[in-house]
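Single-structure report; data block below.
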Amino acid sequence: MIIKSAEFVTSAVKRDQYPPPQFPEVAFAGRSNVGKSSLINTLVNRKRLVKTSSTPGRTQLINFFTVNGGLMLVDLPGYGYAKVPAAVKKNWGPMIEGYLSGRESLLAVVLLMDLRRIPQAEELTFIQWLTHYDVPAVPVLTKADKLSKTNQSKQRSAIARVLNVAPETLTLFSAKTRLGREALWEKIDDRIGEAIHSHVDGEPT
Ligand SMILES: Nc1nc2c(ncn2[C@@H]2O[C@H](COP(=O)(O)OP(=O)(O)O)[C@@H](O)[C@H]2O)c(=O)[nH]1
Ligand SMILES: [Mg+2]
């Protein structure tokens, strides 16, 4: 993927604040601090398009970005961080479900999980939501540089067992070394291609 431009579009909480659904859209979700902002910045070759933070859990807005004036990338607020105030936590579910259930241009959600951590109820619940709303998930395991090669593949297998998928379906990623950047773009491109193809064929995406 050659990145010619990457720009912030808008922040939203409610549906009427979303930009028009005129471009193919891919959203990014995961626990706070999983490396979501860093991953999006790596994908688009920008240092600070999306703000990274060492005080997680503050972003409770849905942020929209365009790449090359077409594809829309969406940074969903992170979940499951203990320091987030209760009021913020309460709003998170409806905000995310509102987005997943009503966004016709949404083609896939990239689900980020820390490679060092076995997925918990939060991740499993989120995967159930995606299944329920019929949104394809692209699972990515972040911060791979923190483990040795041997431990990377051991951990990937352990996570794959919990998720009941083949290990190869889980993309290893590192914002530090850029491992997995091309592989992830390929998966995103595949989803866009499939969606366009089924649209041409007159089938629902
Ligand atoms: N070593 C390493 N650190 C990372 C990686 N990705 C993110 N981080 C660090 O993890 C912290 C949280 O990253 P951020 O992208 O803000 O996470 P977010 O809360 O999910 O958006 C920051 O201190 C990042 O520098 C990675 O691939 N490798
Ligand atoms: Mg972030």
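Please verify whether the stretch 60-69 includes one or more residues that are of a type outside the set (Phe, Trp, Tyr), farther than 22 Å from Lys146 by Cβ, over 16 Å from the mean Cα position of the chain (by Cα) and within 16 Å of ligand 2 (Cβ to nearest atom).
So far as the stretch 60-69 goes, no, none of its residues is of a type outside the set (Phe, Trp, Tyr), farther than 22 Å from Lys146 by Cβ, over 16 Å from the mean Cα position of the chain (by Cα) and within 16 Å of ligand 2 (Cβ to nearest atom).
(1) among the small types (Gly, Ala, Ser); (2) in a helix (DSSP H, G or I); (3) in contact with a helix residue (DSSP H, G or I) (Cβ under 8 Å, 6 or more places away or on another chain): which one isn't true of Ala175, the others all being true?
Answer for Ala175: the failing condition is (2).
Among the residues in the stretch 167-176, are any free of Cβ contacts under 8 Å to residues at least 60 places away in the same chain and of a type in the set (D, E, K, R)?
yes
Of all residues being within 16 Å of ligand 2 (Cβ to nearest atom) and of a type outside the set (S, T, N, Q) in the stretch 129-162, which is surrounded by the most Cβ atoms within 10 Å (Cβ to Cβ)? Just the residue, please.
It comes out as Val140.
If Val34 meets every condition in (1) modelled with pLDDT of 90 or more; (2) within 16 Å of ligand 2 (Cβ to nearest atom); (3) over 12 Å from the mean Cα position of the chain (by Cα) apart from one, which number is that one?
The one condition Val34 does not meet is (3).
The values are calculated or read from the model by the stated rules, or taken from the named source; none is laboratory data. The structure displayed is predicted, hence computed values, not measured ones. Because the Cβ atoms are built from the backbone with ideal geometry, glycine has one as well, and the counts that use them run over all protein chains shown.
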